[in-house]
Amino acid sequence: MSIKQYWDKAVSFSEYLKDAEEKLNNPKNQDEVDKKQYYELALQRMNRAIKTFKKSEEDVQALKNKNFKGKILIITEAWCGDSSQSAPVINQFFEGENEVRFFYRDSDHSLIDQFLTNGAQAIPKVLILNENYEVINTWGPRPAYGVELLKKFKADPENYPREQFYNDLQVYYAKNKGKDTIAEILDLI
């Protein structure tokens, strides 16, 4: 399938939020029931990100200077912690400039399998597309600082346990408010 075909199957951010609320409030299968707490937490985080993210004039100008005419396709799932922090920020930053759509990783693994992170189907995976729906670069699943925290956890889980990693990552996201995510994506355009 071509990237354009995946794009055509993807949804807008408002549809993405609506789908997440539907899965939280009216789960249709056992997987959605099992992930109920993750949907709930993700919706809280997305709503907080929507309220707290502010476009910087510097970043807006940087985007204009790049004369980017493409689109942003995010491979994701609404229950994902990293996605809940970055998806709303990316959507808000590009809103009115470049179209952003969301493709559900678990609806068709053939897309994410082309963009693995260290062999894993890690999400979110942001595909930066040109006007012809060709992938010009990718970003994800988290900002560089988050990647370093994960490396620290994996290198020494005994002294840096999972709970501490998750806590540190969430504190970082809350304080950073999407600035690093946007800066890193702008560098790739």
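Leaving ligands, DNA and RNA out of it, report the carbon-plus-sulfur percent of the accessible area of the chain at a 1.4 Å probe. If you can, show how the numbers build up before the last one.
Working: 4650 of 9990 Å².
C and S atoms contribute 47 percent here.
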Original post:
How much accessible area per residue does the chain have, in Å², with a 1.4 Å probe?
Top reply: 53
Original post:
Over all distinct alpha-carbon pairs, what is the Kirkwood Rh of region 1-114 in angstrom?
Top reply: 15.1
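Among S2, S84, S14, what's the order by accessible area (1.4 angstrom probe), most exposed first? It would help to have the intermediate numbers written out before the result.
Values: S2 55, S84 0, S14 80 Å².
The ordering from most to least exposed comes out as S14, S2, S84.
Taking a threshold of 30 Å on the Cα-Cα distance, which of the pairs K23/K177; K64/K125; K23/K151 fall above it? Walk me through the numbers on the way to the answer.
On the way: K23/K177 26 Å; K64/K125 23 Å; K23/K151 32 Å.
Pairs exceeding the cut-off: K23/K151.
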**OP:** For K179, list the aspartates and glutamates whose Cα falls under 13 Å from its own Cα; do not include residues on the same chain fewer than 8 positions away.
**Re:** E57, E58, D59, D187
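By per-residue mean of other Cβ atoms within 10 Å, what is the highest-first order of 39-48, 64-73, 154-163, 110-119? Could you put the intermediate results ahead of the total?
On the way: 39-48: 17.8, 64-73: 15.2, 154-163: 10.1, 110-119: 12.8.
Ranking the peptides 39-48, 64-73, 154-163, 110-119 by packing returns 39-48, 64-73, 110-119, 154-163.
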**OP:** Find the centroid of the Cα atoms in region 134-188 and in region 1-56, then give the distance between the two in whole Å.
**Re:** 20
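The values are calculated or read from the model by the stated rules, or taken from the named source; none is laboratory data. Keep in mind that what you see is a predicted model, and the values were worked out from it rather than measured. Note that we place each Cβ from the backbone using ideal geometry, even for glycine, and neighbour counts take in every protein chain shown. Please note that ligands, DNA and RNA were not included when accessible areas were found on the heavy atoms of the full protein model with its side chains. Shrake-Rupley method; radii C 1.70, N 1.55, O 1.52, S 1.80 Å.
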